[in-house]
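Every read-out reported here was derived from the displayed coordinates using simple, explicitly stated rules and does not represent laboratory data. Keep in mind it's a predicted model, so treat the numbers as computed, not measured. Virtual Cβ from ideal backbone geometry, glycine too; neighbours counted across all protein chains shown.
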C-alpha cells in the first residue's frame, strides 16, 4: 500500500464560530540556484504535477523548433501549456494551428468533454453541436506532442506511449529542469491519457524557478523557457479562461507571476528575476484532498504571494473576491455570512529577499544554501530553515 505523505493543516473553513473543515497541504519555495527558501509538509514525497507540468512538457518542442529554424507564435505556445476553457477563442486558435501544420482533431487522443466555460458549453448545446477534441482542456498540449512527433518522423498513432520519442524527450527535459535523473521521475497516466510525472515538491519548485530564470541551462533550453514565460504572461486568457485562477492572477500580476494549476489541488507559480530580487523563484503547492471545489489551492497561492509582498487583496478586488486568501462562507440565498475560510500557514520571508519597505540586500551566490532536497531536509531537521510545520 502506498505511503501517505505527511501533509500539514493549511486552510480551514468555519461555521458558527467553529472550525468545520480542515484542508491539509504542502508547499515548497525554491530559487533558481536550488536554495530551499520556505516549505511546509512533505517536500520530499513524490507528487504528480498534473497540468502544472505543461509549461515544462512543451520545452522539447520549442528546442526542436529552434534547431529547425521554425517560429511558433506566442498564442500557439500559450495554448500548448494551457488547461483551456474551450471558449470559441481557444477552439478557433487550435483549428488554425491544425490546419497550418496539416494535422486534424481526429489525431488527438486526449478525448472529448464539453467546454469548461459554462457559457461556451451552453452556446454549443443551444446550437445543437457536440463538443470535439478541440474543446478538451488538454488539446493544446496534445497538439504540441503531435507536431513534435511529425518533426521527429515518429509515429503519430502512438505519440502517448511513454517509450515514444516525444515522451522520452519530454521526460528527459522535465527531469533536467528539476535537477533529477530521468529514471527518478515516477511515470503515471494523466486524465487526458498522456504520461505525467510525480516528483518531490522541492524539485518541482526548482523546475519552475528555472523556467522563469533559466540561468545555467543550455542556450536552446534557455530560449525555450523564455518563450514559454513570455507567451503565458502575454496571453493569460489562453492559458485558462474566464474566471479561472491562472488567468486572473497573471492578469493582476502583470508579468510578475506566472501561474499554472493542475488537477487534484496542485498549483505552481513562477516569479521571474527582478521581481523579488535578482534570482527567480518557483513555488508549488499540493492540497491533499484534491481541492474538488477549487477554492483552497488558489487561496493558499495568494496567501504565499501576499506574504512575499506581491499581492494585496484591496488592490485586486475581483481576484480577492474569487480566491481570497480569506473567503466568506454564505448561506444558499447569499444574503447571510455563516462562516469564513482562512489560511493557517505562517510563510516566512526568505532572509536574502529585501524587506518590502527596506533596502535591497545582497543575494548570496549559488554556491551558498542547500542545492538538493536531501541537504535542505537535513537543515530543516536542525532548525536552520523552513516554516512552522515544515
Report the residue, chosen from 348, 272, 214, that carries the largest GNM mean-square fluctuation when the chain is represented by alpha-carbon nodes joined by springs under 10 Å. 348
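If you stretched the chain out fully between residue 193 and residue 312, how much longer would it get, using 0.36 nm times the residue separation minus the C-alpha to C-alpha distance?
Taking residue 193 through residue 312 to full extension adds about 39.0 nm, to one decimal.
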Using a simple spin-label model with points 7 Å from Cα along the Cα→Cβ vector, what separation in nm is obtained for residue 21 and residue 123? 3.2
Could you give me the radius of gyration and the Dmax of region 71-228, taking only the C-alpha atoms into account and expressing both in angstrom? 16.5, 53
Determine, for each peptide in 39-52, 176-189, the mean count of other beta carbons within 10 angstrom over its residues, then list the peptides with the highest first. 39-52, 176-189
Rounded, prolate or oblate for region 8-357? Axes are the square roots of the Cα gyration tensor eigenvalues, ordered a ≥ b ≥ c, and the cut-off for rounded is a/c under 1.5. oblate
So, by mean Cβ neighbours within 10 angstrom, what's the order for 7-20, 127-140 with the highest one leading? 127-140, 7-20
I want to check the label-to-label distance for residue 14 and residue 100. Put each point 7 Å from Cα in the C-beta direction and report it in nm to one decimal. 5.2
Neighbour counts of other C-beta atoms within 10 Å: give me 101, 208 arranged from fewest to most. 101, 208
Suppose R0 equals 51 Å. What FRET efficiency, 1/(1 + (r/R0)^6) with r the Cβ-Cβ distance, do residue 182 and residue 336 give to the nearest 0.05? 0.40
Per 10 Å bin, what percent of the C-alpha pairs of region 223-311 does each bin hold, from zero upward? 17, 52, 28, 3
Could you line up 235, 113 from fewest to most neighbouring Cβ atoms inside 10 Å? 113, 235
How long is the gain from residue 215 to residue 326 if the chain were fully straight, where each residue apart is worth 0.36 nm and the alpha carbon distance is subtracted? 36.4 nm
Residue among 246, 74, 161 with the largest mean-square fluctuation in a Gaussian network model of the chain, springs linking Cα atoms under 10 Å: 161
Pulled fully out, how much extra length does the chain show between residue 71 and residue 92, if you take 0.36 nm times their separation in residues and subtract their Cα-Cα distance? 5.6 nm
Arrange the following residues from fewest to most other Cβ atoms within 10 Å of their Cβ: 304, 283. 304, 283
